[in-house]
Amino acid sequence: MKKKNADLMREIFIKTAMNWFTTYMDQDCGLIASGTFNFPIVADDGEEGWIEICVKVPKGTKDEEYDGYARRDDYRLKCEERKAKAKAQAEAKAKKMARDKARREKESE
């Protein structure tokens, strides 16, 4: 996408997002950079913080265009791999705990 069009689209979406957060979420939004805005938040326990939202129109490399669908697929696969790894680790930990418990019971006899 040409820089002129990318800048225009980014501006439209920044204004739309800020308007939505201001109108429907009653947030105090403000720009902190050309494509980024923020607003304050308060957690249930009273702790205060900030949310920053960045709107960008990514560019491809010199030789190829940006492929948003491929990025989505890559991220989905990465999440699935992370989830499978965590599941395998949890199963290994459960087996080890069972072995250790059986060993302790056998030693206490």
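Every number in this text was worked out from the coordinates using simple rules, so none of it is lab data. Given the structure is predicted, the values throughout are model-derived calculations rather than measurements. Cβ: placed from backbone, ideal geometry, glycine included. Neighbour counts: every protein chain shown.
Summary: within the chain, the longest segment free of trypsin sites (Lys or Arg not before Pro) located in DSSP loops with at most 16 other C-beta atoms within 10 Å is 3-55.
Just going by the charge dipole of the chain, with Lys and Arg at +1 and Asp and Glu at -1 on Cβ, which of LEU8, CYS29, GLY60 is farthest out on the positive end? It is GLY60, whose Cα lies furthest towards the positive end.
If Lys and Arg each add +1 and Asp and Glu each add -1, what is the summed charge of the other residues whose beta carbon sits under 12 Å from the beta carbon of GLU81? The partial results should precede the final answer.
Values: positive: ARG76, LYS78, ARG82, LYS83, LYS85, LYS87; negative: ASP74, GLU80.
It works out to a net charge of +4.
May I ask you to derive the FRET efficiency for LEU77 and ALA17 from their Cβ-Cβ distance with R0 = 35 Å, giving the value to the nearest 0.05?
Details: r = 28 Å, r/R0 = 0.80.
The calculated FRET efficiency here is 0.80.
Backbone phi angles across the range 72-77, fed through the Karplus curve with coefficients 6.51, -1.76 and 1.60 (θ = phi - 60°), yield HN-Hα couplings of 4, 4, 4, 5, 4, 5 Hz in residue order; Gly and Pro are listed as x. Computed log10 I(q)/I(0) for the range 18-87 at 0.19, 0.26 Å⁻¹: -0.92, -1.02, from the Debye equation with unit scatterers placed on every C-alpha and solvent omitted.
Extension gain, TYR69-ILE41: 0.36 nm per intervening residue step, less the Cα-Cα distance, totals 6.9 nm.
Taking every lysine pair in the range 69-109 that is 8 or more places apart or spans two chains, those with Cα atoms closer than 17 Å amount to 10.
Between the Cα long axis of helix 3-24 and the first principal axis of the chain there is an angle of about 70°, rounded to the nearest 10. Only helical runs count toward this figure. For the chain, summing -39,500 (n - 2.57) over DSSP H runs of n ≥ 4 and dividing by all residues gives -20500 deg cm²/dmol at 222 nm.
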